[in-house]
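Right, one structure below, let's go through it.
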């Protein structure tokens with residue numbers, strides 16, 4: 001049973017490494033985001049669009065987490081930004097140690113924004129602090145509006161929720177208001193953005209959200 | 001890291017209980033299926049349709065696995081078949097012990113078919129034998145055709161793959177042939193059915209598949 005694997009001792013040891021990671025990125029004023037969702041909700045596609053839109057104004061890098069394959073890293077690399085692939089080899093989430101072991105692969109003095117794409121999974125990733133500033137989650141409208149109730153830990157932990165694939169709303173039975181209401185019931189301060197990575201709808205709001213978080217990080221950890 | 005939780009000892013102990021479960025259902029000639037997918041791929045909706053279509057001809061029951069809530073069990077119960085909800089309380093998959101502890105909730109002498117709906121997750125559930133005869137997985141076409149490569153353990157373990165939400169194919173970028181080819185590359189004997197739980201498309205083939213498996217189980221474990 002995996003709950004044995006996430007006992008208090010293990011989480012405490014992970015959290016200690018996460019704190020070190022956070023200190024390391026703070027000392028360089030880098031904003032770090034942990035991107036989480038179910039498989040196929042559109043994380044990598046969102047990062048491809050984000051790299052194109054933000055990659056000129058901010059020095060951006062990506063850590064790709066997957067059980068196996070480096071397909072996602074290859075997709076990101078085509079957009080001209082530094083990317084590192086972490087394969088968990090069976091584990092269902094990234095942990096702080098894996099991130100620490102790869103932070104040195106980047107020139108941290110040359111970064112403004114680091115996005116970590118977690119393993120596609122609505123359960124385990126939410127429990128592991130990687131040293132990020134914010135957790136952001138994607139929920140595709142094809143997954144159903146019952147997901148906040150069923151996976152409350154992740155919805156509670158997220159700073160922002162991106163409701164993706166809104167271009168498919170006419171073709172699925174997804175109650176946007178209900179999903180937003182039950183997400184906010186778990187997380188009063190949750191920012192919710194409706195987007196379609198495919199059509200580009202709503203992505204300007206996402207870029208603005210990201211820009212505010214980057215600028216805020218740079219002000220606080222003034223270089 | 002959760003891989004600590006799925007070490008050889010833990011899996012061996014799980015497998016021993018799974019064997020007991022299998023003996024128990026075999027002695028009653030019950031066919032048991034472990035249904036797995038990412039969150040929101042349509043497992044519960046498929047079971048609702050299956051209960052309506054098969055519930056008269058076969059004595060069917062369902063075990064619902066979720067991190068929390070008994071929403072899915074309530075949905076199934078409305079279709080007039082026995083259902084038990086297991087909440088894993090944080091764990092990202094069911095294990096054989098949880099199934100064993102609830103097998104007694106049913107009158108096993110009065111069942112032909114037991115379907116266990118696992119926690120929505122493409123990683124962990126594939127590693128844990130529950131005592132089922134077959135694993136069946138749902139992949140929604142909205143999740144992308146790269147999923148077989150990225151989650152090979154589950155595709156390898158499945159007896160059948162149901163490609164769901166094919167009514168959305170005109171609206172998404174999903175290469176059905178590619179998905180089927182890469183699934184079969186992992187699993188030569190995989191049965192693949194294209195379905196839409198929403199429109200009912202392809203469900204007759206699913207009911208026939210299920211019927212053959214039930215009949216086969218009854219012949220082998222003749223009562």
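Any read-out appearing in this document is the output of simple, stated calculations on the displayed coordinates, not a laboratory observation. This one's a predicted model, so the numbers in the text were calculated from it and none came from an experiment. Cβ coordinates were reconstructed from backbone atoms using ideal geometry, including for glycine residues, and neighbour counts include every protein chain displayed.
In units of the rule-of-thumb radius 2.2 N^0.38 Å, the protein assembly as shown shows an alpha carbon radius of gyration of 0.99.
Between copies, residue B:55 shows label-point distances of 5.2 nm, shortest first, with the point placed 7 angstrom from Cα along Cα to C-beta.
When the helices of the protein assembly as shown are scored as -39500 (n - 2.57) per DSSP H run of n ≥ 4 and the total is divided over every residue, the value at 222 nm lands at -11500 deg cm²/dmol. Placing a label point 7 Å from Cα along the Cα-to-Cβ axis, residue B:28 is separated from the same position in the other copies by 5.9 nm, shortest listed first. Take the Cα radius of gyration of the stretch A:133-223 and divide it by 2.2 N^0.38 Å, with N its residue count; two decimals is plenty. Dividing the Cα radius of gyration by 2.2 N^0.38 Å gives 1.15. Between residue A:176 and residue B:178, the modelled label-to-label distance comes to 2.9 nm, taking each label 7 Å out from Cα in the direction of the beta carbon. Given springs between every Cα pair under 10 Å in a Gaussian network model of chain B, which of B:54, B:36, B:154 has the largest fluctuation? In the Gaussian network model the winner is B:54. Inter-copy label distances at residue A:191, shortest first and taken from points set 7 Å along Cα to Cβ: 4.9 nm.
Computed from the Cα positions only, the extents of the stretch B:99-159 along the three principal axes stand at 42, 20, 18 Å, in decreasing order. Across all Cα atoms of the stretch B:1-116, the radius of gyration (one decimal) and Dmax (whole number) stand at 14.6, 45 Å.
Across peptide B:119-131, what mean number of C-beta atoms from other chains lies inside 10 Å of a residue's C-beta? Numbers along the way, then the final one.
On the way: counts 4, 10, 9, 8, 13, 9, 1, 1, 3, 2, 0, 0, 0.
Partner-chain Cβ atoms within 10 Å, mean over residues of B:119-131: 5.
Treating r as the C-beta distance of residue B:218 and residue B:87 and R0 as 35 Å, the FRET efficiency rounds to 0.65. All alpha carbon pair distances within the stretch A:58-170 were sorted into 5 Å bins beginning at 0; the resulting P(r) in whole percents reads 2, 11, 19, 21, 21, 16, 7, 3, 1, 0. For the pair the stretch B:2-63 / the stretch A:38-81, the C-alpha centres are spaced 36 Å from each other. Over chain B, the alpha carbon radius of gyration divided by the compact-protein estimate 2.2 N^0.38 Å works out to 0.97.
To the nearest whole number, what is the average tally of beta carbon atoms from other chains within 10 Å of the beta carbons of peptide B:134-140? The partial results should precede the final answer.
Details: counts 0, 0, 0, 0, 0, 2, 6.
That average works out to 1.
For the pair the stretch A:90-137 / the stretch B:156-223, the C-alpha centres are spaced 35 Å from each other. Annotation for residue B:11 and residue A:56: the two label points, set 7 Å from Cα along the Cα-Cβ direction, are 5.0 nm apart. Highest-first packing order for the peptide set A:61-74, B:112-125 is B:112-125, A:61-74, based on the mean count of other beta carbon atoms within 10 Å.
Can you compute the FRET efficiency between residue A:191 and residue A:105 using 1/(1 + (r/R0)^6), with r the Cβ-Cβ distance and R0 = 30 Å? Round to the nearest 0.05. Intermediate results must be reported in sequence, preceding the final value.
Numbers: r = 30 Å, r/R0 = 1.01.
It comes out at approximately 0.50.
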